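Bear in mind that the values in this text are calculations on the coordinates, not laboratory data. None of these values were measured; they are calculated from a predicted model. Neighbour counts run over all protein chains shown; Cβ positions are idealised from the backbone, glycine included.
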Amino acid sequence: MSSLNLNDWHYLDISELAPLLKRRALSPVELVRSQLDRIEALDSRLHAYARVMAYESLAAASEAETEIARGRYRGPLHGIPVAVKDLFWTRGVVTAAGTTVHGNFVPDEDATVVKRLRDAGAIIIGKLQLTEGAFATPHPSSVPPVNPWGANHWTGASSSGSAVATSAGLCVASLGTDTGGSIRFPCAANGLTGLKPSWGRVSRHGVFELAATLDHVGPMARSARDVAIMFAAIDGPDVLDPSSLPGVPSVALTPRQDLKGVRVGVDPAWNARATDDETLKAMGETLTTLRDLGAELVEVVTPESWHVAGTWEVLCGVQTAVAHAETYPARASEYGPALSRLIDVGRAADGMTYQRAILEAIAFRGRMSMLLESIDMLVAPVQPFAAPTYEQLGALAQDPELNQRLIQFTSPFNVSGHPALALPCGMTAGGMPIGCQLLGRRGSESALIAAGEAFQRVTRWHRMHPPV
């Protein structure tokens, strides 16, 4: 059926593939077979997948082909192969959450977001690797994903498999989760665009929990336009998740050509705190681009967030201890050292310490919301140092404040629940991606995505691909 060279399609966006599928210039079956061939050729080196759903995805592709041929086209995700982090329940398929303790868990239903992707016509091609329980590092028994831009560089945590697969063309887009930066870090490390929505904007039903009030589900893709398409499919309240937000505005898919009238906040001192020269240079160029697009850059003072990043571990640890209460400490020997340590931190925390952290979180949320009433969005780095090697991370690990430094621009917005869009905004001298983020009012995802699309209309960072 197809006149498209399927050796070239794997870096096409959803928005580029969808018209081909709709007019039947490209077959969903051909597309999925080509995707499976690429996974087979590359993933033995990249280790992005926990499991590939070859049989299921081919069956779904055949069904999509039949539906499209009969004129029942569901929209831009119909026939598109996507993959999901292996903590989203998939009916009849093992969902291990990067652990051994749940290594044999087979859910009897899909997570709400997986069901919504399927309802939109997307084809789930597999489950993607992650760190143990979606915390800092992989379980010692697993082989971690490899950054396709440079094998000795950090892939980000914990949605590392989602980022590697999407960046290397092993899926068109993916789903990840973000509890302290785990959509944004992998996007920055792999040159992707990713959205951490407002807390409660996307259902968490059927998603293995790390820390309930900090966990966010969101899309990861190669462009802001594709993020918009994915987000439109998964967004909205869910009766199965009582924490999901009712009455949120629908996602706007209309792109904007410029940023005229948009007030973008910049805190130079905050952005520069312990930030390396390459990241600062990329941030400066980003600000120039935003100004050239018509944005009004407004210098602001960000609410104090350093201590919020420091108390994040207590908030996360207590909630993780609750989430794992059925298996820890009863099966503690099956846990890796990083997740065990986090749970132990949570179990050891006293009520006074936890309550102080909660009060600090509430205060930061309120101050951040007040700041965002005076601007439309805030621009910041994703992380203070660009694309570190594992050797550099090892050296940084000697710094007792390493984790606080690493998550200083990300975790406060998990605590506050404000949305953040991560964008590629530069490259290091060594050819590794650098990421920035746009942060907005709760419920302002459409505005952030529109700004990201305008930025990507005049930049090419999101069009660069790893040498695989």
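Determine the shape class of the stretch 208-321: with a ≥ b ≥ c the square roots of the Cα gyration tensor eigenvalues, call it rounded for a/c under 1.5, and otherwise prolate if a/b is greater than b/c, oblate otherwise.
Since a/c reaches 1.5 but b/c is at least a/b, the shape of the stretch 208-321 is classed as oblate.
Over the stretch 289-377, what is the mean sequence separation of C-alpha contacts under 8 Å (at least six apart), divided by residue count, expressed as relative contact order in percent?
41
Sum up the charges of everything whose Cβ sits under 12 Å from the Cβ of S198, counting Lys and Arg as +1 and Asp and Glu as -1, but leave S198 out.
That sum, taken over residues with Cβ under 12 Å, equals +2.
Any chance you could run the full-extension gain for Q398 through V458? It's 0.36 nm times the residue separation minus the Cα-Cα distance, nm to one decimal.
Result: 17.6 nm gained on full extension.
Order the peptides 23-33, 296-306 from the highest to the lowest mean number of other Cβ atoms within 10 Å of their residues.
23-33, 296-306
Taking all pairs of distinct Cα atoms, average 1/r, flip it, and tell me the Kirkwood hydrodynamic radius of the stretch 253-404 in Å to one decimal place.
Averaging 1/r across every pair of different Cα atoms and inverting gives 18.5 Å.
Going highest first, how would you order 38-45, 93-100 by mean Cβ packing within 10 Å?
93-100, 38-45
Quick one: work out Rg over Rh on the C-alpha atoms of the stretch 2-150, Rh as Kirkwood radius.
0.99
From the Cα gyration tensor of the stretch 1-88, with a ≥ b ≥ c the square roots of its eigenvalues, which class applies: rounded if a/c is under 1.5, or else prolate if a/b is larger than b/c, or else oblate?
prolate
So, with +1 on the Cβ of K and R and -1 on the Cβ of D and E, and no other charges, what is the size of the charge dipole of the chain about its Cα centre, to the nearest 20 debye?
Its charge dipole is roughly 860 debye.
Going by average Cβ neighbours within 10 Å, how do the peptides 403-415, 370-382 rank, with the highest at the top?
403-415, 370-382
Within the stretch 62-117, report the trypsin sites (Lys or Arg not before Pro) that DSSP leaves as loop and that have at most 13 other Cβ atoms within 10 Å.
Filter output for the stretch 62-117: R70, R72.
List the equivalent ellipsoid semi-axes of the stretch 322-378 in whole Å, largest first, each obtained as the square root of 5λ for an eigenvalue λ of the Cα gyration tensor.
Listed largest to smallest, the semi-axes of the stretch 322-378 are 35, 14, 8 Å.
Looking at the chain, I'd like the Rg to Rh ratio, where Rg is from alpha-carbon atoms and Rh is Kirkwood's inverse mean 1/r.
Rounded to two decimals, Rg/Rh equals 0.94.
Answer rounded, prolate or oblate for the stretch 90-186, using the Cα gyration tensor with square roots of eigenvalues a ≥ b ≥ c: rounded when a/c is under 1.5, else prolate when a/b is larger than b/c, else oblate.
It comes out oblate by the Cα gyration axes.
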